[in-house]
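Quick notes on the structure that follows.
The values are calculated or read from the model by the stated rules, or taken from the named source; none is laboratory data. What you see is a predicted model, and the numbers here were worked out from it, not measured in a lab. Glycine gets a Cβ as well: all are built from the backbone with ideal geometry, and neighbour counts include every protein chain shown. These accessible areas exclude ligands, DNA and RNA; they are computed on the full protein's heavy atoms, side chains included. Shrake-Rupley method; radii C 1.70, N 1.55, O 1.52, S 1.80 Å.
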Amino acid sequence: CLFVDRAEIPFMGYSIRVEGMLLEQHLVGTWLMPRPSVGWRYTEWVEWNGAELRPEWTKQVGRELYDHHGDDELDFDAFENVNVADDNPDVVEELAALLHQAVATQ
């Protein structure tokens, strides 16, 4: 996007990949614990607001979820062939919230 007027971009894709353990926040403190969203890569494609240079999260045009459980990072393509977003709504919901939060804090 360095050589393109970002106001002219119609869509933008945002991705998050979660490995290891997620930080879990509770009333009594913060600790690491396993979560169902670990081992996935999630991408949302949304309309881009060129005037305000921000994503329009409510105007989603696509989403991708790839299962990376067992990925040894030697063959990236082996884990990016089947979009399993529709089969894992709980994972999509959790990773979408993490993605939106991460983008908002940039």
- Every residue from region 84-94 that is assigned to a helix (DSSP H, G or I) and either modelled with pLDDT of 90 or more or of a type outside the set (A, V, I, L, M) (or both): A85, D86, D87, P89, D90, V92, E93, E94
- Could you count how many residues in region 1-23 are in contact with a Ser or Thr (Cβ under 8 Å, 6 or more places away or on another chain), at pLDDT 85 or above and open to solvent by 50 Å² or more (accessible area, probe 1.4 Å)? 1
- Given the conditions (1) touching a residue at least 12 places away in the same chain (Cβ under 8 Å); (2) in contact with a strand residue (DSSP E or B) (Cβ under 8 Å, 6 or more places away or on another chain), report the number of the one that D90 does not fulfil. (2)
- Return yes when E44 is acidic (D, E), closer than 18 Å to Y14 by Cα and either open to solvent by less than 30 Å² (accessible area, probe 1.4 Å) or modelled with pLDDT under 90 (or both) and no when it is not. yes
- Query: Which one is nearest to the chain's Cα centre (by Cα) among residues in region 84-106 that are within 18 Å of R54 (Cβ to Cβ) and surrounded by fewer than 11 Cβ atoms within 10 Å (Cβ to Cβ)?
  - Reply: Q101
- Note on the structure: Among (1) within 11 Å of the chain's Cα centre (by Cα); (2) exposed (fewer than 14 other Cβ atoms within 10 Å of the Cβ); (3) in a strand (DSSP E or B), G62 falls short only on (1)
- Out of (1) modelled with pLDDT of 85 or more; (2) within 12 Å of the chain's Cα centre (by Cα); (3) not in a strand (DSSP E or B), the one N81 does not meet is (2)
- Message: Condition first: open to solvent by 80 Å² or more (accessible area, probe 1.4 Å), under 17 Å from E8 (Cα atoms) and free of Cβ contacts under 8 Å to residues at least 40 places away in the same chain. Can you find one or more residues in region 68-75 that meet it?
- Response: no
- Message: Please go through region 38-64 and give me each residue that is in contact (Cβ under 8 Å) with a residue 12 or more places away in the chain and of a type in the set (K, R), ordered by number.
- Response: R41, K59, R63
